[in-house]
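The values are calculated or read from the model by the stated rules, or taken from the named source; none is laboratory data. Everything numeric here is computed off the predicted structure, so don't read it as measured data. Cβ coordinates were reconstructed from backbone atoms using ideal geometry, including for glycine residues, and neighbour counts include every protein chain displayed.
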Amino acid sequence: MSYENTGKGTKRTNALPPFAELKALVSSKLNVVDAFVDARNIPTFMIAPGIVEEKFKELVFESYDRGLTPTLRQDNGHFILRFFIRPAIKKVSNRRNILLFAVTLLTIFLAGYYLWTTNELWSKLLMPMASPYAQAALFTVCLISIIGVHEMAHKLTCDFHKIKATFPFFVPGPPPFGTFGAVISLKSPPINRNQLFDLGISGPIAGFIATIIVGILSILTSTMISESQLAELGGMVGPVTWPSSPLLFLLITHPSVSSLMLHVPKEMTPILGQVIFAAWIGSLLTFLNTLPIWQLDGGHVARAVLGPKGHKMASVVGLGVLFFSGFWVFALLLLFFIMVGRRSWAGVEPLDDVSPLSNSRKMSFFILLVISALCFSPLVSPLL
């Protein structure tokens with residue numbers, strides 16, 4: 001594909017630029033060993049092995065201007081660069097994003113109202129004077145913030161790396177969750193493994209931080225009761241324990257933390273409200289996204305760290321974790337998408353699949369494993 005100047009702007013054509021022009025373009029950036037057009041009529045260049053990450057990145061943006069997408073792969077010790085016609089990126093309206101966001105706010109609010117009014121511990125015994133609408137609004141703000149921060153971290157990472165992507169599409173759902181989360185859609189691929197890694201890890205880290213903040217807020221908004229009142233409530237309340245709650249909750253509700261935040265007297269006990277359920281949903285979404293499966297966030301990270309073969313093995317292990325922890329419906333749904341998809345087990349591939357991942361990012365991979373462990377809990381809600 002090339003461009004012609006029509007006097008009224010730039011117009012796309014369906015023809016590739018002359019081969020000599022492509023060869024000159026590649027040679028200006030990289031050390032070309034051989035150049036030819038293969039049997040499929042694809043311009044192909046053998047590049048001398050070496051450090052090519054930055055020069056290839058420059059080549060990508062110059063190729064985009066010509067309506068082309070270059071890829072760089074390794075084959076039997078050789079670096080192989082090929083050019084493909086770049087699909088046109090259509091400008092789309094954000095009306096659908098705004099509409100889905102508004103509907104999701106409504107469904108989360110209804111879920112919060114449902115949770116409050118059907119839980120007698122909160123609505124009748126501990127806080128009978130509290131407005132169910134105010135509590136539903138608080139739940140909505142907390143949950144939409146966790147999901148929104150997660151997705152906007154992806155979007156900002158894409159903008160930083162000049163990867164074309166949509167704004168988040170929020171997905172409404174029924175009570176008690178009110179939502180199935182949100183997604184962004186990539187319009188162009190990441191250039192290298194570093195960008196793919198950043199794209200995958202940014203959302204879970206941001207969502208994890210937001211979940212911690214909401215978890216602390218649940219302590220700040222808790223109801224304090226005496227030991228005698230606690231005894232009267234009997235089995236209606238219980239301590240935060242694993243595995244019904246993630247390990248993260250054990251950390252933020254530890255006596256040293258709660259005493260620091262609330263100066264809780266020894267004879268008093270804080271009873272967490274439904275804000276903790278928003279944090280629980282946020283923790284659940286973070287855990288699911290950190291699993292190294294297919295095209296989940298953890299799958300992007302695994303693809304960047306382990307390569308295509310390691311990514312497939314990690315996906316199998318991740319699906320096994322889902323099955324044995326009770327999320328078998330989600331596991332089957334992912335497996336269905338994997339099997340019917342055009343790319344099967346393959347994740348998102350960077351244009352440059354040759355340049356290695358940076359050492360700092362390899363070290364950061366363990367951060368994702370820690371986040372996954374802290375957010376993990378089997379399919380048992382503390383409130384359901």
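Quick check on the stretch 23-45. Is at least one of its residues modelled with pLDDT under 95, crowded, with 16+ Cβ neighbours inside 10 Å, over 30 Å from P172 (Cβ atoms) and not aromatic (F, W, Y)?
no
Got a sec? Which of P255, P265 is surrounded by fewer than 18 Cβ atoms within 10 Å (Cβ to Cβ) and either touching a strand residue (DSSP E or B) at 6+ places or on another chain (Cβ under 9 Å) or outside the structural domain of V370 (by TED's automatic domain parsing) (or both)?
None of the others qualify; the one that does is P265.
Can we say F366 is in a helix (DSSP H, G or I), farther than 20 Å from R303 by Cα and at pLDDT 90 or above?
no
Does the stretch 175-193 include one or more residues that are assigned to a helix (DSSP H, G or I) and not acidic (D, E)?
yes
So which of L81, L125, L115 ends up being outside any helix (DSSP H, G or I), in contact with a helix residue (DSSP H, G or I) (Cβ under 9 Å, 6 or more places away or on another chain) and hydrophobic (A, V, I, L, M, F, W, C)?
Answer to the check: L81.
Please determine whether any residue of the stretch 55-73 is more than 17 Å from K23 (Cα to Cα), outside any strand (DSSP E or B) and over 28 Å from the mean Cα position of the chain (by Cα).
no
Can you confirm whether T221 is in the same structural domain as F336 (by TED's automatic domain parsing), surrounded by fewer than 24 Cβ atoms within 10 Å (Cβ to Cβ) and in contact (Cβ under 8 Å) with a residue 40 or more places away in the chain?
yes
Conditions tested, residue by residue: (1) modelled with pLDDT under 95; (2) polar (S, T, N, Q); (3) closer than 30 Å to I184 by Cβ.
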| residue | (1), (2), (3) |
| --- | --- |
| Q229 | yes, yes, no |
| L272 | yes, no, no |
| F287 | no, no, yes |
| G298 | no, no, yes |
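Pull up the stretch 122-176, narrow it to residues that are modelled with pLDDT of 95 or more and closer than 30 Å to A231 by Cα, then point me to the one that is surrounded by the most Cβ atoms within 10 Å (Cβ to Cβ).
F139
Looking at (1) assigned to a helix (DSSP H, G or I); (2) at pLDDT 95 or above; (3) farther than 30 Å from S355 by Cβ, which one does P204 not meet, given that it meets all the others?
So P204 meets the others, but not (3).
Please specify each residue of the stretch 286-323 satisfying the condition of being touching a Phe, Trp or Tyr at 6+ places or on another chain (Cβ under 8 Å) and not in a helix (DSSP H, G or I).
The answer is W294, and nothing else.
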